[in-house]
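Below is one structure, written out as structure tokens; comments come after it.
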Amino acid sequence: MTGSAVRRRPGPGTLFALAAGVVLVAVAIAIVNLGGPNGSATATTTPEPSEPSQTEDLGPLHPFPELEEKLPNGVAGIALDTFSVSGSEGGPTGSDALIGTDEPIGTDEPPGTYPAPDLFAAALRSFGRTPVDLQLAIARPVDRDADVVITAYRLPGVRAVDLLAKLGPDDVDGSIEPATIAGKSVLALLQIQATSYAYAADDVVYIVGGSPELIRAAIEALP
């Protein structure tokens, strides 16, 4: 997606410096506890615990870790990172569902290319389900200049082939044709702007977009 650092034995000078530092800290603590250097009372305050930053708490970006694990962590030597959302969290509509956008889904969402949950809006209605039921996991390059994005769609209780069968030309704002890539049967989602490919495996529909060579490598990496 390394070698270990050499650990050197500390010399006498280093040990002396460390010991001196410990003594100074102990003296400082004693002075504070006694009320300051002149014996006067010194007020002490306990700092308020800081709120965790978004980089420390990535919970909101990973509601479906099991689905994220179905995505590759690299394609053709290009490292990928992943996040997940539910279909209720919104996104671009129409043809933007496949070509993506740089606008974030929500305040907790990192910017980058991702497909829209409304790509399967008609399919959800046919199953009597709503966008909140749809799970999405997205893999995209750590290097945003690389041209590939993989999205996994899962509708619990529905087989991937049945979900994909509901996808029609109006949903992709283009046409759909069968194709074979890397020995896998896929559907080519043809648009004016770009062509993406849909692939069904078990309970997950994968949609892959990007440059032709990276699309092939990504589909090869799928289960």
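Quick note: the coordinates plus some simple rules give every number you see, no bench work behind them. Please read all numbers here as calculations on a predicted model, not as lab measurements.
Amide H contacts for I181 (H built 1.01 Å from N in the peptide plane; partners 5 or more residues away or on another chain; cut-off under 5 Å): V186. Contact order for the stretch 127-219, expressed relative to its length and based on alpha carbon pairs under 8 Å spaced 6+ residues apart, stands at 28 percent.
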